[in-house]
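The values are calculated or read from the model by the stated rules, or taken from the named source; none is laboratory data. As the structure is a computational prediction, the values presented were derived from the model and not from experiment. Backbone-built Cβ (ideal geometry, glycine too); neighbour counts: all protein chains shown. Surface areas here come from the heavy atoms of the whole protein model, side chains and all, with no ligands, DNA or RNA. Shrake-Rupley method; radii C 1.70, N 1.55, O 1.52, S 1.80 Å.
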Amino acid sequence: MQSVQEASSIGAAVIAAQSTFRRVMDATARPGSIEVIPEIAGAPAPLSQAAAAIALTLFDHDTPVWMDAPLASSEAVAAWLRFNTGCPIVADQAQCTFALVADASAAPPFESFALGTPDYPDRSTTLILQAATLTGGPELVLSGPGIRGTASLRVGGLPEDFVMQHAANRALFPRGVDLLLVADNHVAALPRTTIVTRA
Amino acid sequence: MYVAVKGGERAIENAHRLLAHERRGDASVPELSLKQISEQLSLAVDRVMTEGSLYDRELAALAIKQARGDLIEAIFLARAFRATLPRFGTSEPVETGAMQVRRRISATFKDIPGGQILGPTFDYTHRLLDPSLAGTSAPEAPAAADSDAATDAAPMPRVTDILGHDGLIEPSPVADEGAPVGDLTREPLNFPADRDLRLQNLARGDEGFLLALGYSTQRGYGRTHPFVGEIRLGEVEVEFLAEEVGFAVPLGRITVTECQMVNQFKGSASEPPCFTRGYGLAFGQSERKSMSMALVDRALRAREFGDDVKAPAQDEEFVLSHSDNVQATGFVEHLKLPHYVDFQSELGLIRKLRREFAEAQGERDPQLQEAAE
Amino acid sequence: MNAPAYNFAYLDEQTKRMIRRAILKAIAIPGYQVPFASREMPMPYGWGTGGVQVTAAILGPDDTLKVIDQGSDDTTNAISIRKFFEKTAGVATTTTTSEATVIQTRHRIPEAPLQEHQVLVYQVPIPEPLRFLEPRETETRRMHALAEYGLMHVKLYEDIAHHGHIATSYAYPVKVNARYVMDPSPTPKFDNPKMDDCPALQLFGAGREKRIYAVPPHTTVVSLDFEDHPFERYRHEAPCALCGATDSYLDEVVIDDRGGRMFVCSDTDHCETRRADGHRGVQPEALA
């Protein structure tokens with residue numbers, strides 16, 4: 001019989017998943033901070049590098065995934081996700097654990113996703129929004145848990161009414177969705193607790 | 001002189017070495033083989049497989065040997081190994097009606113189609129220690145079954161199915177093919193829990209705990225008027241529906257004990273009086289376990305039948321939260337771990353409260369205050 | 001026989017994903033207890049299985065791990081858990097608080113201030129702060145949903161009525177981000193103020209009870225109290241006999257059977273670091 005030590009093979013995928021998770025965890029714990037995600041190969045467009053790496057790290061049989069039109073219309077994306085993660089792809093936004101949004105500016109209203117219940121606010125959707133940029137857009141000022149004083153984030157390509165929508169989401173606390181913003185191989189997070197204002 | 005706690009690592013290693021030594025016992029006594037355990041302590045193996053939720057006689061025997069015969073420790077070993085195994089899916093429901101029966105008794109009817117089969121049982125043995133077992137024993141070969149082909153081939157319908165024909169017992173709930181089967185090892189248990197999760201919890205639950213709860217229902221703490229409709233022991237086929245091939249493929253045969261309790265139900269405004277069911281199923285020959293499970297299953301259906309929920313055995317949160325002996329033993333035994341930080345806090349508090357008490361008393365009785373100081 | 005084979009950091013990847021998802025939701029809802037499908041670990045429930053699962057889900061090859069129990073790196077359970085991760089994940093370990101990236105703890109928060117890059121993982125036996133006031137999960141879940149914490153205030157106030165002050169000395173309840181009442185695990189209330197506005201991420205794992213919760217960095221954590229009876233940190237009456245520290249939590253050590261006592265730092269790394277820096281208590285030679 002093998003001992004634990006002999007059998008603990010450090011697969012590259014195992015380490016990549018750990019590394020990606022830690023970046024996402026750090027981003028969530030410190031809203032506004034931008035984390036670099038390890039590169040992965042073979043993600044089909046229009047799925048971004050970071051979104052694909054997050055999918056490999058967090059998606060599986062237990063996580064229904066919803067996709068917006070640009071992603072849903074790509075058979076290659078659906079096939080890649082199914083093959084690599086086994087996640088069910090669903091058409092109902094209110095039933096998904098994760099939502100993949102290629103065009104963040106046209107994201108559906110946040111309240112159309114799973115918002116959790118007062119008893120189980122954790123049963124809510126995490127949206128992965130592919131933004132144009134995390135550094136070159138209009139400045140958002142952030143405060144709340146995870147932030148010492150205030151932080152700022154310059155996301156490009158968000159919906160016009162993003163600040164209002166996020167405020168409405170925050171008002172639902174402890175219910176609400178959580179956002180992961182990705183661009184290329186970067187990720188930042190805006191959990192439901194973050195207070196977002198325009199600079 | 002204060003000696004800081006150091007050298008813990010050496011102490012742990014030495015303790016484990018000593019444990020291995022004690023486990024082996026007197027080296028002049030031949031070592032137990034796993035085959036000996038699985039063949040000759042087979043009911044211990046059955047219990048470890050049942051409560052360990054892992055059908056593997058050899059691993060269960062290994063666990064018993066490693067645990068020095070401590071069955072809860074062995075169950076823990078089996079569970080910890082099981083937790084690392086990938087989960088491929090859910091098997092098809094086993095068809096106990098098609099069981100190759102080795103024992104089958106009913107307490108509700110004198111004669112039943114297929115007959116009563118006593119099988120290998122302690123029932124009706126006189127519990128007299130048998131000195132002949134102290135040495136090597138060569139038991140007689142089992143009596144051969146009558147070569148009467150009619151009884152061999154006779155179908156053995158479940159007693160509850162016989163009652164079901166006349167509508168005297170509630171129908172067995174029809175499984176929703178599309179609905180996923182709950183698995184509390186993959187999803188945390190929430191309350192109220194559905195019956196699939198309750199039964200899974202009870203199947204993994206501690207035999208002693210369920211025995212005591214089942215017993216309590218017989219003594220009036222949530223009485224259900226139970227009868228043993230049937231207990232059957234034997235081999236059933238396990239099948240798995242492989243998506244790729246499109247049909248169920250057999251994985252192998254397992255031994256199970258099934259107990260169906262038949263319980264009285266007086267009916268309600270909307271339901272006519274009929275019998276109700278309590279269900280128990282366990283790996284191997286685990287009769288006490290499957291009977292206790294069936295009693296507790298029925299007691300936990302109290303809400304469904306509008307019974308007053310008054311007794312511990314009917315209290316779903318209480319039963320399901322405390323049935324698991326691996327959880328229970330861990331938390332009870334964790335009291336052995338150091339708690340001196342908390343204790344120090346309590347010590348400080350008690351000293352403060354006593355001082356305040358003495359001061360308050362002293363205002364009334366100065367002598368007492370002096371004595372306290 | 002099915003020869004057992006185990007993954008990096010013991011847990012299989014599917015389990016890690018499930019725990020990781022729970023951790024992210026826990027951080028997003030500070031102080032809320034996220035249910036998770038806790039696995040049977042190769043150590044008993046109640047001995048740190050929740051903390052171990054959280055640590056196993058976050059730990060990577062670049063991490064440096066510190067494990068303490070009762071503030072000490074040398075207690076047997078701390079050693080046992082540290083060895084488990086050395087063996088299954090091959091990570092570097094340390095006893096020095098400032099060098100660690102992940103610190104798993106039972107019953108203490110280190111004395112040295114935690115830093116931005118660190119994660120503190122608490123082992124939690126009973127995550128529900130309301131459990132001893134209301135044993136039913138269905139009821140306590142409702143109370144959290146409605147932020148209905150009157151029962152806790154009544155309990156604390158009864159203490160005051162009976163004893164003149166709050167008689168809870170450890171596992172002292174806190175309110176996180178002005179919303180959820182949370183059990184800080186059985187740390188002495190001395191440690192409670194360290195949780196407030198802490199630069200490190202704090203994660204809590206309860207294996208047997210199958211809950212994970214979190215306090216993000218720089219989040220308000222307030223110990224419950226009353227205006228006329230404010231929270232008081234426990235004060236020791238003596239400095240550490242070894243290093244002379246007056247601001248650390250102390251263990252009381254019984255040195256003979258005639259009532260002899262000495263007080264020493266519970267955080268062994270803190271005490272050793274201070275002594276290495278030349279600090280001395282009244283009995284520095286007492287250390288054998």
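For chain B, set up a Gaussian network in which alpha carbons nearer than 10 Å are linked by springs, and say which option among B:G182, B:G246, B:G97 fluctuates the most.
B:G246
Per residue of segment C:49-64, in order, report the coupling 6.51 cos²θ - 1.76 cosθ + 1.60 (Karplus, θ = phi - 60°) as ³J(HN,Hα) in whole Hz, putting x for Gly and Pro.
Per residue, the Karplus-derived 3J(HN,Hα) values read 5, x, x, 5, 5, 5, 4, 4, 7, 9, 5, x, x, 8, 7, 10 Hz.
Starting from the Cα of B:A11, step 7 Å along the direction of its Cβ; do the same at A:V163; then give the gap between the two resulting points in nm.
Distance between label points: 6.1 nm.
Using the Kirkwood formula over every pair of different C-alpha atoms, what hydrodynamic radius in Å results for chain C? Before the final figure, lay out each step's value.
Values: mean 1/r = 0.0500 Å⁻¹.
For chain C, inverting the mean 1/r across all distinct Cα pairs yields 20.0 Å.
Taking the Cα centre of segment B:9-82 as origin and charging only Cβ (+1 Lys, Arg; -1 Asp, Glu), how large is the dipole, in debye to the nearest 20?
The dipole of segment B:9-82 has a size of about 80 debye.
If exposed GluC sites (Glu not before Pro) are those in a DSSP loop with at most 15 other Cβ within 10 Å, what is the longest stretch of chain C that has none? Don't jump to the answer; show the numbers that get you there.
On the way: sites that count: C:E116, C:E148, C:E227, C:E232, C:E237.
Answer - C:1-115.
Not counting ligands, DNA or RNA, and with a 1.4 Å probe, what is B:M293's accessible surface area in Å² rounded to the nearest 10?
10
Can you tell me the FRET efficiency between C:H279 and C:E86 if r is taken as the Cβ-Cβ distance and R0 is 41 Å, rounded to the nearest 0.05?
That pair, C:H279 with C:E86, gives E of 0.85.
What do you get for the angle between helix B:287-300 and the principal long axis of chain B? Use alpha-carbon atoms, 0 to 90 degrees, nearest ten.
Tilt relative to chain B: about 80 degrees.
Using a Cα-Cα cut-off of under 13 Å, which aspartates and glutamates could be cross-linked to B:K289, ignoring same-chain neighbours fewer than 8 residues away?
B:D46, B:E51, B:D206, B:E207, B:E258, B:D297
Taking the alpha-carbon distance from C:K83 and a cut-off under 18 Å, which lysines remain once sequence neighbours fewer than 8 residues away in the same chain are dropped?
Straight-line reach from C:K83, under 18 Å: B:K6, C:K66.
Between rounded, prolate and oblate, where does segment B:9-82 land on the alpha carbon gyration tensor, with a ≥ b ≥ c its root eigenvalues, rounded for a/c under 1.5, else prolate if a/b exceeds b/c? Spell out each step's value before the answer.
Values: a/c = 2.94, a/b = 1.36, b/c = 2.17.
Judged from the Cα gyration tensor, segment B:9-82 comes out oblate (a/c at least 1.5, b/c at or above a/b).
To the nearest 10 degrees, how steeply does helix A:162-171 sit against the main Cα axis of chain A, on a 0 to 90 scale?
Tilt of helix A:162-171: around 80 degrees.
Pairing the Cα long axis of helix A:49-58 with the longest principal axis of chain A, what angle in degrees results, from 0 to 90 and rounded to the nearest 10?
The answer is roughly 70 degrees.
Give, in nm to one decimal, the length gained when the segment between B:E333 and B:V228 is fully stretched (0.36 nm per residue of separation minus the Cα-Cα distance). Can you show the working numbers first?
Numbers: separation 105, 0.36 × 105 = 37.80 nm, distance 3.68 nm.
That works out to 34.1 nm of additional length.
Count, for each residue of C:210-222, the Cβ atoms from other chains sitting within 10 Å of its Cβ, then give me the mean as a whole number. It would help to have the intermediate numbers written out before the result.
Values: counts 5, 1, 1, 0, 4, 3, 10, 7, 9, 6, 1, 0, 0.
Rounded to a whole number, the mean comes out at 4.
At a Cα cut-off below 19 Å, give the aspartates and glutamates reachable from B:K110, other chains included and same-chain residues fewer than 8 away excluded.
Hits, sequence-local ones excluded: B:D123, B:D161, B:D166, B:E230.
P(r) of segment A:4-198 in 10 Å steps, Cα pairs, percent per bin?
Per 10 Å bin, starting at 0, the Cα pair percentages come out as 9, 37, 37, 13, 3, 0.
What is the mean projected area of the alpha carbon convex hull for chain B, to one decimal in square nanometres?
32.1
Counting other Cβ atoms within 10 Å, which GluC sites (Glu not before Pro) in segment A:1-104 have at most 13 and lie in a DSSP loop?
Here the GluC sites (Glu not before Pro) that fit, given the DSSP loop and packing criteria, are A:E39.
Counting other Cβ atoms within 10 Å of each Cβ, which GluC sites (Glu not before Pro) in segment B:1-77 have at most 14 and sit in a DSSP loop?
Sparse-neighbourhood loop GluC sites (Glu not before Pro): B:E31.
Tell me which residues come under 5 Å, amide H to amide H, from B:L241 once H is placed; ignore anything under 5 positions away on its chain.
Residues meeting the amide H criterion: B:E92, B:V249.
Within chain A, what's the longest run with no trypsin sites (Lys or Arg not before Pro) in a DSSP loop and at most 16 other beta-carbon atoms within 10 Å? Give the range, please.
Between the exposed loop sites, the longest stretch runs A:1-122.
What trypsin sites (Lys or Arg not before Pro) in segment C:185-288 are in a loop by DSSP, with at most 11 other Cβ atoms within 10 Å of the Cβ? If you can, show how the numbers build up before the last one.
Details: sites: C:K189, C:K194, C:R208, C:K210, C:R211, C:R233, C:R235, C:R258, C:R261, C:R274, C:R275, C:R280; in loops: C:R208, C:K210, C:R233, C:R235, C:R258, C:R280.
Answer in residue order: C:R235, C:R258.
Taking only the Cα atoms of the protein assembly as shown, how large is their convex hull per residue, in Å³?
Taking only Cα atoms, the protein assembly as shown has a hull volume of 228 Å³ per residue.
Would you mind telling me the share, in percent, of accessible area of chain A contributed by carbon and sulfur at probe 1.4 angstrom?
Of the solvent-accessible surface of chain A, carbon and sulfur hold 54 percent.
Starting from the residue with the highest accessible area, list B:L349, A:L142 in decreasing order, probe 1.4 Å.
B:L349, A:L142
Average partner chain C-beta neighbours within 10 Å, per residue of B:80-91?
The mean count of partner-chain Cβ atoms within 10 Å per residue comes to 4.
So in segment A:4-198, what percent of DSSP beta bridges are antiparallel if you round to the nearest 5?
Within segment A:4-198, antiparallel bridges account for around 55 percent of the total.
Name all residues of segment C:120-142 having a backbone nitrogen under 11 Å from the label point set 7 Å from the Cα of A:D119 along its Cα→Cβ direction, giving them as ranges.
Inside the label zone: C:137-142.
List, in order, the whole-Hz ³J(HN,Hα) value for each residue of segment C:18-23 obtained from phi through the Karplus relation with A = 6.51, B = -1.76, C = 1.60 and θ = phi - 60°; use x for Gly and Pro.
4, 5, 4, 4, 5, 4
Calculated from DSSP H runs of 4 or more alone, at -39500 (n - 2.57) each and per residue, what is the 222 nm mean residue ellipticity of the protein assembly as shown, nearest 500?
-10000 deg cm²/dmol
Taking the solvent-accessible surface of protein heavy atoms with a 1.4 Å probe, what is the per residue accessible area of the protein assembly as shown in Å²?
Working: 39460 Å² over 860 residues.
So the protein assembly as shown comes to 46 Å² accessible per residue, rounded to a whole number.
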